[in-house]
Amino acid sequence: MISFISKTLEQLKKFNEGDFEVKKRKLQKLASFLLLATTHLPLIVLIRLIRPLIWIRFGQLPSARIGHFTMNTANYLATKLCDPADRSKLDLLSIQSQHPVCNLQLLKMWKRVLHIHPFYEGFRKVNTWLPGFQTHHVSFDGLDNNAEMAEKLNQVPLLLTFTASETSKGKNGLEKLGLDPARPFVLFHARDNAYLKHLMHESAEKEEDGRPMRAYDYRNSDIWEFKTAAIELANRGYSLLRMGAKVEEEIDFGHPNILDYAAHGRSDFMDAYLLASCHFIFGTSCGLDGIPRIFKKPCVYVNYIPLKYMAISKTPNLLIPKKLWSESKNRLLTFREILLTEIAAYNDTELYSKAGIKLLDNTPKEILEVALEMDDRINGTWVEEKEDHELQECFKAIYRESMPHLDPSTYQIKTLGAKFLRENQALLD
């Protein structure tokens, strides 16, 4: 109640201090605030009183960014399904109204397994005005990927499925794209700033967490570095589709089985269908890989960074990281020098710059090799040499040393590309 009164007084103060336009906006907000208070507050009080009979909670899904809308939501649901006490609670969820939903097909599928409606947003807001709101609040913060979440996702069945009509629609969609529905397909993508610029209305200089847009440049890759791998996989008989809701440039790799789907013919539905049905996907780590992870499809991560956050999967994924060149040492930093220092968690371009570290992207040859390795592993033709196993164990020992708090029984460190390790053994020193 104190919070309710303070909010009212705060709105009145701003109203008195503002000019005409400010007063107009504040009056509209105040009217909305008072309407919510009079219509929803009594019901929130009632909901708290009946908690011994039925425990109702309210939350807002992170629906603007596909990585959060997939993995945070999936981790929430997996956690709920693994906890008998949580399963009995009735969670009523809304979506973020300040931004468009990142994928409408994904929202449609989440609605089949979750209680989602815009009407619940008012109750969520009013609930937070009262003391002890956390008891009736569902938070999607802190549900990013980690070892514990990966284990819970591994314990539950597929959280989302396509209906028979949607599966048929997906196959028809492949035909409309000029592809043979019977031919297996591989997806690839390279992260750039196009989607964030679109999300933040093109002209915005800062992302929603207050950091400049350029802070995320360290994660970007050049799509043309994927050409060699895409052509070789197409020659192996696969259809290749370049993914991305927004991209900075179109591509033409000059092969009839390679389609720039991101620039021609993409839709929310086909995004979801392709990502859930692919043979595997290779590319930079970004929100896009959330859907194949939910559907337990293999992922190949190239130009992976930062290294600290790689031990989060139970699926047979492969990874090759960006290399870090130290200007002061005039050489590449070893895995130990990265993982046993704060560099392992650097998540801002400026941090690397201030540390005198230059980021070196994977070469087309490295990307080709790890993509073909995944294809061979899936098809059962990959043969691991004794040296490969020893190099993997050497890297995993360094990683475990950097993460002593993790229980090895509940997480699986991603496998690094075999040829990448063979050719970069100095990084294991």
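We did not get these values from a lab; they are worked out from the coordinates using the rules stated. Since we're looking at a predicted model, the values are computed, not measured. All Cβ positions, even for glycine, are placed from backbone atoms using ideal geometry, and neighbour counts span all protein chains on display.
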Kirkwood hydrodynamic radius (C-alpha pairs) into Stokes-Einstein, the range 164-428, 37 °C and 0.692 mPa s, D in µm²/s = 168 µm²/s
How far apart, in nm, are the 7 Å Cα→Cβ label points at LEU53 and ASP348?
-> 5.1 nm
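Counting other Cβ atoms within 10 Å, which GluC sites (Glu not before Pro) in the range 216-311 have at most 16 and lie in a DSSP loop?
Answer by residue number: GLU248, GLU249, GLU250.
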Pop a pseudo-label 7 angstrom from the Cα along the beta-carbon direction at both VAL45 and LEU158 and give the gap in nm to one decimal.
-> 4.8 nm
Express the relative contact order of the chain as a whole percentage, based on alpha carbon pairs under 8 Å and six or more residues apart in sequence.
-> 15 percent
Most packed first (mean Cβ within 10 Å per residue), the peptides 107-117, 297-307 order as 297-307, 107-117
HN-Hα couplings for the range 423-429 via Karplus (6.51, -1.76, 1.60; θ = phi - 60°), in whole Hz with x for Gly/Pro, come out as 8, 10, 5, 5, 6, 8, 5
Counting sequence-distant residues (5 or more places) and residues on other chains, those with an amide H built under 5 Å from that of TYR304 are ILE320, LYS322
Antiparallel DSSP bridges in the range 164-428: what percent, to the nearest 5?
-> 30 percent
Give the calculated FRET efficiency between ALA263 and HIS405 to the nearest 0.05, with a Förster radius of 41 Å applied to their Cβ-Cβ distance.
-> 0.40
Find the centroid of the Cα atoms in the range 217-277 and in the range 347-422, then give the distance between the two in whole Å.
-> 23 Å
Highest-first arrangement of 264-272, 154-162, 92-100, where packing means the average Cβ count within 10 Å | 264-272, 92-100, 154-162
Among all lysine pairs in the range 251-388 that are eight or more places apart or on different chains, how many have alpha carbons less than 15 angstrom apart?
-> 10
Quote the FRET efficiency, to the nearest 0.05, computed for LYS386 versus HIS115 with a Förster distance R0 of 45 Å and r equal to the Cβ-Cβ distance.
-> 0.25
